[in-house]
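A short write-up of the structure that comes next.
The values are calculated or read from the model by the stated rules, or taken from the named source; none is laboratory data. The structure displayed is predicted, hence computed values, not measured ones. A quick note on method: Cβ atoms are made from the backbone with ideal geometry, for glycine too, and the neighbour counts reach across all protein chains shown. What goes into the accessible areas is simple: the full protein's heavy atoms, side chains included, and nothing from ligands, DNA or RNA. Shrake-Rupley method; radii C 1.70, N 1.55, O 1.52, S 1.80 Å.
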Amino acid sequence: MDIDKTKEELINELQLLLHENNSLKNQKEKSAAELIIANIELQFQNDEKEKRAAELIIADLELKFQSKVKAKRAAELVIANIELVFQNKEKEKRAAELIIANKELVFQNELKEKRAAELIIANKELLFQNQEKEKRAAELIIANKELARQNREKEKRAAELIIANKELLFQNEEKEKRAAELSLAKDIAEEFENKFREITENVDEVFWLRSDSEMIYVSPTFEKIWGIPVQKIYKNAEIFTEKIHPDDQPIVKEIIQSKEFKNKGMFSYEYRIIQPDNNIRWINSRTFPILDDSGKIIKRAGIAHDVTERYHNIQALVKAMEKAEKSDRLKSAFLANMSHEIRTPMNGILGFAELLKEPDLNGDKQQEYIEIIENSGLRMLNIINNIVDISKIESGLMEINRKESNINEQMEYVQTFFKPEIESKKLQLLLKKKLPMEDAIINTDREKIYAILTNLVKNAIKNTNKGLIEFGCDKKGDILEFFVKDTGIGIPKNRQEAVFERFIQADISDVRAMQGAGLGLAISKAYVELLGGRMWLESEVGKGSTFYFAIPYGIESEDKSVNVEVVTEDETKNIIQNLKILIAEDDKPSETLMSIQVRKFSKEILKAKNGFDAVEICRNNPDTDLILMDIQMPVMNGYEATRQIREFNNEVVIIAQTAFAQSGDREKSIAAGCNDYISKPINKAELLTLIHRYFNK
């Protein structure tokens with residue numbers, strides 16, 4: 001059957017060759033026909049060429065008569081020549097194609113003859129193969145018998161092979177599983193390493209890994225904290241401990257050399273390091289062990305970070321807490337002391353006011369009681385003024401008003417002012433040093449200087465039971481230095497800084513504390529600093545103290561001194577009479593007091609309990625001469641009431657009066673439309689002076 005199939009294939013191949021031969025023959029005939037057509041076309045083109053030549057002769061004759069037509073025809077001739085050249089090229093191209101076609105036909109004929117020769121050889125080969133096939137068929141019978149035997153062996157081996165294949169398949173599956181696990185572990189390790197490096201290179205902590213003999217890895221942050229290039233620690237791993245502060249090295253080395261560290265590898269401690277620029281930083285360091293399968297430490301990993309800011313913050317917090325606790329204690333003691341300080345003069349005021357009601361009280365006793373009430377009131381007012389002043393200082397509202405001031409006159413006034421108190425304690429108050437007359441007048445805040453000297457001298461009197469007190473000043477270049485020296489109880493060294501703190505006098509643990517609110521020295525020191533100077537002291541327990549303060553010596557005046565002449569009630573009454581006065585005051589005792597103070601030179605007194613009423617009363621009484629306007633009132637305050645009054649009355653004199661006495665109150669009052677300002681408690685002479693100023697015209 002195989003032989004028959006081969007013959008059919010040979011016949012088919014022979015038919016295919018014959019078909020190809022016919023195709024080549026047809027192609028050859030077609031090419032010959034195309035060549036004839038090309039020759040005919042070439043003959044046609046030659047005829048056309050001759051025709052064109054004739055036309056050219058005619059055109060030349062015609063050109064002699066028609067110059068314009070000649071140019072046109074010449075252009076046509078050029079075009080015709082170009083076309084003729086193109087046609088000749090096409091003809092040559094077709095001729096070349098015909099030559100190629102002829103060569104291809106020759107090649108195909110040669111190939112056909114070669115295929116025919118190969119077919120003869122194939123037939124001979126087929127005959128030989130048929131003979132070999134018969135021979136092989138005989139051999140096949142023998143081989144089949146052998147194959148049957150081999151198949152039996154093969155089946156036996158196949159069974160063994162199945163078992164082996166199953167074993168091999170299991171091993172391959174295990175191998176693939178282990179390979180996948182290994183690949184996954186490798187990927188995880190690479191990812192972990194990349195993430196670890198990314199983390200360590202972008203955090204503020206130092207990460208490190210080391211064995212017993214070498215440093216394996218240190219993150220770049222090491223250079224930022226230690227101030228040493230990372231490469232150096234790879235060369236010398238002991239840099240970690242070498243840069244530890246000498247005071248901390250013994251403890252760190254003791255921990256590292258301990259059995260617990262060697263066995264467990266755990267370390268957590270804070271220590272200081274010294275950077276190359278000698279800057280000291282606090283470090284929090286922790287170490288963790290890396291164990292093998294047997295539990296043996298093979299490496300150590302660690303993390304360290306700079307906790308200097310945290311350490312400083314903790315220290316600052318501790319100090320702040322201590323300060324807050326001290327402040328709370330002082331404030332509590334201060335409130336208790338304030339209660340005592342205020343109740344004491346109040347006791348004098350209320351007690352002697354009660355005694356004034358006795359019917360059989362003679363004139364001398366009455367005058368004595370009134371004087372005690374006045375002194376108690378002044379003492380309480382002084383306490384309140386000190387509290388107001390310290391509040392202004394702490395809130396930054398205290399202002400400096402520089403004017404020409406005679407320092408010698410101020411010191412003489414202080415000496416005169418304290419003379420009664422000095423004599424009552426049988427002490428001496430000596431003005432030791434004064435300035436030369438040409439240096440005595442300077443530009444400064446006279447009220448602040450007076451307050452400082454008064455506080456220092458008063459403090460010296462309070463703490464001196466016998467001996468003397470000296471004070472004075474001396475010009476030292478551009479500095480004016482004052483001193484107040486006493487022979488009092490003195491101040492221990494551990495308390496000398498504290499005496500300038502607020503409320504320190506109220507510290508109940510201070511057994512040396514005397515009467516007072518404990519604000520005088522704090523206010524004095526603040527005043528000195530506002531004037532651009534400083535205050536200090538020298539003291540020895542049992543021998544006395546000397547307080548110094550120095551301020552810049554300035555002579556250029558910023559504000560000319562205005563001498564205000566204080567007038568008496570009789571002078572005001574003789575000059576000013578028949579005023580229509582509106583008192584805007586919500587406090588009944590204050591309103592009654594002012595009514596009594598101004599009634600001798602008023603024809604009518606109007607009263608308002610709030611700003612709204614004051615505006616309406618003034619609107620209904622356009623002939624009002626003077627308004628005493630309280631600033632703090634219900635419904636409408638004094639500022640707003642003044643602004644509304646100024647909308648319809650610019651002639652009435654408005655004097656603001658307030659118990660706040662804060663810096664800027666005068667300016668705010670003037671800005672609202674008031675003519676002037678006076679603070680409570682209102683001094684009668686001061687009020688009369690203001691009225692005299694505006695109505696003595």
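Structure above, values below:
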item: Under Karplus coefficients 6.51, -1.76 and 1.60, residue-wise ³J(HN,Hα) of the range 535-540 in Hz, glycine/proline x; result: 10, 8, 8, 10, 8, 9
item: Segment LYS425-LEU209, extension gain: residue separation times 0.36 nm, minus the distance between their alpha carbons; result: 69.8 nm
item: Around PRO276: net Lys/Arg minus Asp/Glu count, Cβ-Cβ under 14 Å; result: +1
item: For VAL541, distant residues with modelled amide H under 5 Å away; result: ILE491
item: Cut-off 19 Å (backbone N to label point 7 Å along Cα→Cβ of ILE251), residues of the range 278-310; result: 280-287, 303-310
item: Summed side-chain charge close to ALA143 - residues other than ALA143 whose Cβ falls under 11 Å, Lys, Arg +1, Asp, Glu -1; result: +1
item: Heavy-atom accessible area order for PHE352, PHE128, largest first, 1.4 Å probe; result: PHE128, PHE352
item: Under Karplus coefficients 6.51, -1.76 and 1.60, residue-wise ³J(HN,Hα) of the range 164-173 in Hz, glycine/proline x; result: 5, 5, 4, 4, 5, 4, 4, 5, 5, 4
item: Theoretical FRET efficiency, 1/(1+(r/R0)^6), r = Cβ-Cβ of GLU9 and ASP293, R0 60 Å, to 0.05; result: 0.25
item: Under 29 Å from LYS91, Cα to Cα: lysines that are on another chain or at least 8 residues apart; result: LYS25, LYS28, LYS30, LYS49, LYS51, LYS72, LYS103
item: Spin-label pair TYR694/GLU160, simplified geometry with 7 Å Cα→Cβ offset, distance in nm; result: 13.4
item: Projected label distance in nm at GLU238 and GLU540, using a 7 Å step from Cα toward the beta-carbon; result: 5.6
item: Extension gain, ASP623 back to GLU667 (0.36 nm per residue minus Cα-Cα distance, nm); result: 13.2 nm
item: Computed FRET value (nearest 0.05) for LEU17 with PHE44, which takes r as the C-beta separation and R₀ as 60 Å; result: 0.90
item: ASP445, ASP625, reordered so the largest accessible area comes first (probe 1.4 Å); result: ASP625, ASP445
item: P(r), alpha carbons of the range 1-135 - 10 Å bins starting at zero, rounded %; result: 10, 23, 17, 14, 12, 9, 7, 5, 3, 1, 0
item: Area of GLU110 that stays accessible when all protein chains are in place (1.4 Å probe, Å², to 10); result: 110
item: FRET efficiency, 1/(1 + (r/R0)^6) with R0 60 Å, evaluated for GLN315 and MET346 via beta carbons; result: 0.85
item: Which of HIS312, HIS19, HIS305 is most accessible, then next, and so on - probe 1.4 Å; result: HIS19, HIS312, HIS305
item: For ARG300, solvent-accessible area (1.4 Å; no DNA, RNA or ligand), Å²; result: 40
item: LYS145-LYS175 pseudo-label distance in nm [points 7 Å out on the Cα-to-Cβ vector]; result: 4.3
item: Gained length - LYS476 relative to ILE36, 0.36 nm times residue gap less alpha-carbon distance; result: 144.6 nm
